[in-house]
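Participant: To start, I am sharing the structure in question, which I have written as structure tokens.
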Amino acid sequence: MEPTVRQTGFVGDLLAEHQELMQKIAELQKFWHEVDELGIGPKCQELADRLADIREHLQLHFDAEERDGYLGPALKMAPRFAQEADALRAQHVTMLQSLDGLGGRLRTGGQEIWNSVCAEIEAFVSDLEHHEHRENGIVQAAFNDDGGAGD
Ligand SMILES: [Fe+2]
Ligand SMILES: [Fe+2]
């Protein structure tokens, strides 16, 4: 087998989507860090709008992951990850609910809300990164099980 594996189809799409998502998250973090550094905040409404944009993107991403059964192509190759996948799929609902809650609080505005929500978004981002990292692990392990040829 070639030492470099071809990342095509389901695996390649998933990794690309995760990269795109993390890019959006990085832009969000940059926004609120700049607001804090420059002392031009709070900008709760703008953050709420940006969060709503991320939420929409995340919903589409989750829908794509669940379209043929959550991580279906990967689990077909490596059913041993089914239990871990169940736990990860359940996180989709709770992550969207978290974003809804944070967005709702931001709409009420104020410095205190800004401070607490920004801290919670930081925690949310860390949870999301962990989630995506585990998904990458599953699809890559499944892909390797399959000899690096499937998608
Ligand atoms: Fe996911
Ligand atoms: Fe994902």
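Taken together, the values in this text are just the output of simple stated rules run on the coordinates, not laboratory data. As the structure is a computational prediction, the values presented were derived from the model and not from experiment. Don't worry about glycine lacking a Cβ; one is built from the backbone with ideal geometry, like all the others, and counts go over all protein chains shown.
Participant: Quick check on the chain: take the gyration tensor over C-alpha atoms, sort the square-rooted eigenvalues as a ≥ b ≥ c, and tell me if it's rounded (a/c under 1.5), prolate or oblate.
Facilitator: Because a/c hits 1.5 or more and a/b exceeds b/c, the chain counts as prolate.
Participant: Another question, then. Asp68 to Ala26: FRET efficiency via 1/(1 + (r/R0)^6), r the Cβ-Cβ distance, R0 41 Å, to the nearest 0.05?
Facilitator: 0.90
Participant: A further question on this structure: Please give me the summed charge of the neighbours of Ile54: other residues whose Cβ is under 11 Å from its Cβ, Lys and Arg +1, Asp and Glu -1.
Facilitator: Net charge in that neighbourhood comes out at -1.
Participant: Also: If you average the sequence gap of Cα pairs under 8 Å that are 6 or more apart and divide by the length of the stretch 1-102, what percent do you get for the contact order?
Facilitator: 26 percent
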